[in-house]
1. Under 5 Å between amide H atoms, partner at least 5 residues away or on a different chain: which partners does residue 41 have, H built in plane at 1.01 Å?
2. Please calculate how many Å² of accessible area the chain carries per residue, with a 1.4 Å probe and no DNA, RNA or ligand atoms counted.
3. Carbon and sulfur atoms: what percent of the 1.4 Å accessible area of the chain do they account for?
4. Just the number, please: percent antiparallel of the DSSP beta bridges in the range 1-44, rounded to the nearest 5.
5. Calculate, in nm to one decimal, what residue 59 and residue 9 gain on full extension: separation in residues at 0.36 nm each, minus their alpha carbon distance.
6. I need the peptides 34-42, 1-9 ranked by packing, meaning the mean over residues of other C-beta atoms within 10 angstrom, with the highest value on top.
7. Using 5 Å bins from zero, what percent of all Cα-Cα pairs in the chain falls into each bin?
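The values are calculated or read from the model by the stated rules, or taken from the named source; none is laboratory data. These numbers were taken from a predicted model, which means no experiment stands behind them. Cβ placement follows ideal geometry from the backbone for every residue including glycine, while neighbour counts extend to all protein chains displayed. Please note that ligands, DNA and RNA were not included when accessible areas were found on the heavy atoms of the full protein model with its side chains. Shrake-Rupley method; radii C 1.70, N 1.55, O 1.52, S 1.80 Å.
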Amino acid sequence: MAEFEIAGMSVPPGQLKFGSFPVGQWRGGLVASAPLMVMRGTREGPSLWVDACIHGNEIGCIEVIRRIMREEID
């Protein structure tokens with residue numbers, strides 16, 4: 001299986017990793033970042049990208065993603 005890398009984070013097969021990626025910069029110069037959760041399967045197959053909180057006030061969507069990753073993905 002080929003190496004999977006996103007936002008400088010390498011995710012081996014069968015693992016769940018947490019990280020973040022830069023999305024901008026605050027007025028004072030601090031980097032603004034968004035959280036990233038990557039769950040990688042043990043076999044080759046299709047990929048799925050699930051995104052939430054694009055508008056900032058949609059925090060309930062984060063729990064939906066957590067439940068999908070915990071309860072629905074085998």
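1. Those qualifying (amide H under 5 Å, at least 5 residues apart or on another chain) are 14.
2. 85
3. 55
4. The antiparallel fraction comes to roughly 100 percent.
5. 15.6 nm
6. 34-42, 1-9
7. P(r) for the chain, in whole percents per bin: 3, 12, 21, 23, 19, 11, 6, 3, 1.
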